[in-house]
Each structure stands twice: as structure tokens, then as C-alpha cells.
1. Considering only residues that are touching a Leu at 6+ places or on another chain (Cβ under 8 Å) and not charged (D, E, K, R), which ones fall in the range 42-56?
2. Go through (1) at pLDDT 95 or above; (2) surrounded by 18 or more Cβ atoms within 10 Å (Cβ to Cβ); (3) touching a strand residue (DSSP E or B) at 6+ places or on another chain (Cβ under 9 Å) and name the single condition Glu59 misses.
3. Take the range 267-292 and flag every residue that is within 21 Å of Lys304 (Cα to Cα) and hydroxyl-bearing (Ser, Thr, Tyr).
4. Would you please list the contacts, defined by Cβ atoms under 6 Å and residues six or more apart or on different chains, that run from a residue in the range 113-130 that is outside any loop (DSSP other than H, G, I, E, B) to a residue that is among the hydrophobic types (A, V, I, L, M, F, W, C) and loosely packed, with under 15 Cβ neighbours inside 10 Å?
5. How about the range 200-216: which of its residues are within 17 Å of the chain's Cα centre (by Cα) and either assigned to a helix (DSSP H, G or I) or free of Cβ contacts under 8 Å to residues at least 24 places away in the same chain (or both)?
6. Residue by residue through the range 126-141, note down the ones that are buried (at least 20 other Cβ atoms within 10 Å of the Cβ), out of contact with any helix residue (DSSP H, G or I) (no Cβ under 6 Å at 6 or more places or on another chain) and closer than 26 Å to Ala89 by Cβ.
7. Looking at the structure I just gave you, is Glu75 surrounded by 24 or more Cβ atoms within 10 Å (Cβ to Cβ) and in a helix (DSSP H, G or I)?
Amino acid sequence: MPRNTLKVAALIVLAAPLLSACGGSSSAADAKVVTVYSADGLKGERGDGWYDRVFKDFEKQTGIKVEYVEGGSGEMVQRAVREKSNPQADVLVTLPPFIQQADAKGLLQKYAPKGSDQVDASDKAADGTWTTVVNNYFGFVYDKKDLEQAPKTWQDLLDAKYENKIQYSTPGVAGDGTAVLIKAMHDFGGKQQALDYLKKLQANNVGPSASTGKLAPKVDKGELLAANGDVQMNYAQSKTMPNLGIWFPAGPDGRPTTFALPYAAGLVTKAPHGANGRKLLDFMLTEQAQRQVSAIGGGFGARKDIKATDANATALAGLMNGVEIFQPDWADIEKNLTQYVEDWKTATGS
């Protein structure tokens, strides 16, 4: 399951959106269509992902066709910015800090989907412009076939056996790539310490990648020994990639850590099919759709009043056991993201 490309500099258009000459035209408003711009990871390569099921059920129930455009979180926001004077998307789904960035750029309008009152305050915007629809956590993957055991720490990745066998997606372009920088800053106790480490890691790093979703297949095939990812995407991918193992790098204190990296959705400002966008956001938070997050998507439901008990939910809970979850300062990251990425480029020569 491709996912988190949050990241793709080149857009993967799975279904080209219907473009209207004027985003607010009456004909567009009446059309039985809704256009979604989204980070990858929730749509399956074989039509077996959470989006596949939700969109199919939504279309069957409402008669509204879902037009879907997929790319990296940063790229999706950039595209929406370019189209701001004539919006083409109705719903935008990205990972942090890009959903906050979209909000700050005025790309999202206030709308609280039905069921969003059951989403934790930390997983939705205080001003009501976006809410989490699928919870998720940052992580790494490793090659279970060629490594006798999973790496445990960041330091392990500096070993010579990982030369040209490590790759992580690009900070600032990919959501999961940006997450590498965020986690390193937390684990090493500051930006400079993180940059010093990532500079050393370049000796083993294959090079930048716009797509996180493309890294797991390389790990499964043995082309890479380790790469970044996220739990939802990688857990789903592991169903068809038997050599894929999920792990969480530990810092100098030896404790594995991670942080929430949810798929957050918002209604685009001046959306051409705003009413349909509202219906889709409501549908994503229905009990049926939320139970399917783990059962079908391999992720974590966003609503706290719905407790999934399927086999995937049990396995995911076990995977997270013993991993310390920290809360990033998203306001600081959104404000300083450009500088952090520039500093990373300088440190790594990327």
C-alpha cells in the first residue's frame, strides 16, 4: 500500500479532478462529484486500502463520485496554494506540519464534521479548520531477511554494514521525511545535535527520496536495509511484503520513541463542491468508516468513542507497546519549518 508519499515532488494523479472554469460556478456546485487532494498511504495498490473502501461506500450511498489526486503532503499544499484564486480541490488531507501550514495560508475553511466532537482536542484544529480522520505514528522499517534483528538506536545506522543501504524521504517535501528531522531533534535534544547526527548518517545514506511509499518495497527486496516510514503505511505494506519489519529508533538514552503523525482533513476554502466535501468529511468519521481504519487500512481510528477489536487493531497495539510517544510543538515547527529544512540541506549537502 503506497502511503506517505507525503512526499512526492511529482504528483501521482490517480484520477484527474474535474476542473471548472470558475470554482464557484453554480454548475460546479450542483455536480455530483467531490475532489480530494491527499497524501498517499490510505489508498491500496490493489484497490484494497481504506480510501478504496470508504470512497466506494460513499459513492454508493450518496451518488457522489470521488475524484482523487495523490502526492506528498508538502506538494498537495503547494498545489492548493497555486490554485487558491480558483480552487479545484474540495477536501485536503495531509500530515502535520503541513495541515497546520495549509491552515496558516488560509487554504481551509471552518467545518466540524459529524463525529469530530469525539476526536481528541490535540488531533484537530482549535479554530475548527481540520480534524484527524486516521491516526498514525512515525516509524522506520528494516529488512527482516538480511538483518538477524532490528536496529535499536540511531547510532546503529552509522555502522559500516549500512553503507548505501539506508534511505529516508526528503524533509520539507515528504511528511515522513520531515518527521525524521522532528524525531531526531527530539531524541538528540536539539536542532544542532540532530543535524550533526544526520550529517554523519550521509556516509550510509543512498540519497534523497521524494516518496516515502517507494522505500518499503526496496527494503522488502533487500535493496535497502532500513528506511523511514510510518506505522499505518508500513503495517499495511507488510501484508504483501514479508521481509518488512517496523521499528522505532532510540536516542542516546536507549528509549524508543515516536509521535503521532495523523492524516488530517479539512474543507478547502471556496471549495467548488463544498456541500459534497462536507458530506465526505462526515462519512470519514462515521462509525463504520472508523472501524475500517484498522480492519482495512492498518491504521488507528480517530474517534475515541469507537474501540476497534479486530486482529489488526490488536497487532498494532502490541507493536506500540513500550514505545514512548512525545508531542511535537507543531506551532513552532510550522513557523520555523522552512529554516529547519534549509539547515538540514546545509548540514547534509542535499
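1. Gly49, Trp50, Tyr51
2. Only one criterion in (1) at pLDDT 95 or above; (2) surrounded by 18 or more Cβ atoms within 10 Å (Cβ to Cβ); (3) touching a strand residue (DSSP E or B) at 6+ places or on another chain (Cβ under 9 Å) is unmet by Glu59, namely (2).
3. Scanning the range 267-292 gives a single hit, Thr286.
4. none
5. Those that are within 17 Å of the chain's Cα centre (by Cα) and either assigned to a helix (DSSP H, G or I) or free of Cβ contacts under 8 Å to residues at least 24 places away in the same chain (or both): Leu215, Ala216.
6. Asn135, the sole residue that qualifies.
7. Answer is yes for this residue.
The rows are residues; the columns are (1) under 17 Å from Leu319 (Cβ atoms); (2) β-branched (Val, Ile, Thr); (3) surrounded by 22 or more Cβ atoms within 10 Å (Cβ to Cβ).
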{"site": "Leu225", "(1), (2), (3)": "no, no, yes"}
{"site": "Gly229", "(1), (2), (3)": "yes, no, yes"}
{"site": "Tyr235", "(1), (2), (3)": "yes, no, yes"}
{"site": "Pro242", "(1), (2), (3)": "yes, no, no"}
{"site": "Pro249", "(1), (2), (3)": "yes, no, yes"}
{"site": "Pro252", "(1), (2), (3)": "no, no, no"}
{"site": "Pro262", "(1), (2), (3)": "yes, no, yes"}
{"site": "Thr269", "(1), (2), (3)": "no, yes, no"}
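The values are calculated or read from the model by the stated rules, or taken from the named source; none is laboratory data. The structure displayed is predicted, hence computed values, not measured ones. Positions of Cβ are backbone-derived with ideal geometry, glycine not excepted, and every protein chain shown enters the neighbour counts.
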